[in-house]
Amino acid sequence: MGKPKAKVDINKCLACCGCISVCPQDAVNWFGGKAFVNDEKCISCAICIRTCPVGAISGEVY
Ligand code: SF4
Ligand code: SF4
């Protein structure tokens, strides 16, 4: 429901922790050694997308 959520491409993610530290909703967690967005918490603010150094996060709303 609502806006599309941020998504991490696990093939690109370098596990740098950047997105996890900047997310205001604490919506990014570790899953299998990669970042993973919890759709229940994500408010589609796009901060993580702008933060990721390798462009591993995408979203439709931005
Ligand atoms: S879009 Fe915003 S709320 Fe959603 S995971 Fe990224 S930083 Fe967190
Ligand atoms: S900022 Fe990008 S590379 Fe770093 S943990 Fe998040 S998705 Fe992975």
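Values quoted throughout were computed directly from the atomic coordinates according to the rules given, and no laboratory measurement underlies them. Computed from a predicted model, the values in this text were never measured in an experiment. Backbone-built Cβ (ideal geometry, glycine too); neighbour counts: all protein chains shown.
Based on the Kirkwood radius over alpha-carbon pairs, what is the Stokes-Einstein translational diffusion coefficient of the chain at 37 °C with 0.692 mPa s viscosity, in µm²/s?
291
The dipole here belongs to the chain: it is taken about the Cα centre, uses +1 on the Cβ of Lys and Arg and -1 on the Cβ of Asp and Glu, and is about 100 debye. Near C13: Cβ cut-off under 12 Å, other residues only, Lys/Arg at +1 and Asp/Glu at -1. The net charge is +2. Neighbours of A35, meaning other residues whose beta-carbon lies under 11 angstrom from its beta-carbon, give a summed charge of +2 when Lys and Arg score +1 and Asp and Glu score -1. Based on DSSP H segments of at least four residues, each scored -39500 (n - 2.57), the chain has a per-residue ellipticity at 222 nm of -3000 deg cm²/dmol.
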